Structure formats: structure tokens, C-alpha cells
Amino acid sequence: MSEDDTPRMLPCPFCGGTNPGVVYVPGAPVRQVVCGDCGASGGSVSGQFATRRQAVEMWNARAEVERA
Ligand SMILES: [Zn+2]
């Protein structure tokens, strides 16, 4: 699975920002999507197999919940 498979990120459910980014927590195998505008974060994915794609999927899931 390549990083190119990463699904499109939905806009931030809080501020509508369209430039959320995946962050990598230094020193830990954790990836998390954080809004570049308001700092809201999606769920973090941790573990040896944490991928950018998983973090994005969690962010999108949260965005859909917050909009419901
Ligand atoms: Zn935001």
C-alpha cells in the first residue's frame, strides 16, 4: 500500500479549514491529523503499523460525525 492511496481529507468540522495535515509525533509511532487553521485533531493512530491512511480515515470519520 503506498502513501498515494491516502483518501482525500474532509474539511475541518469545526472551522471549515481545508488544510488539515498529518502529523507525526516525535519519538512515538503515532500519526494524527491536525487542522492547520484551528488546531482541532482527529483520533490518533498509534502502533507499529500506524499509517497516514489510517489517520486520515479517522479524521474523516470524525468530520462526518461532527457534521451529523
Ligand atoms: Zn479547524
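The values are calculated or read from the model by the stated rules, or taken from the named source; none is laboratory data. What you see is a predicted model, and the numbers here were worked out from it, not measured in a lab. When we count neighbours, we look across all protein chains shown, and the Cβ atoms used for this are built from the backbone with ideal geometry, even at glycine.
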Selection within segment 1-58 - part of a strand (DSSP E or B) and either within 16 Å of the ligand (Cβ to nearest atom) or not hydroxyl-bearing (S, T, Y) (or both): G21, V22, V23, V30, R31, Q32, V33, V34, S41, V45
Unmet criterion (only one of (1) within 11 Å of the ligand (Cβ to nearest atom); (2) under 9 Å from the mean Cα position of the chain (by Cα); (3) at pLDDT below 90) for A63: (2)
Residue in segment 41-57 that is among the aromatic types (F, W, Y) and either at pLDDT 85 or above or surrounded by 17 or more Cβ atoms within 10 Å (Cβ to Cβ) (or both) present: no
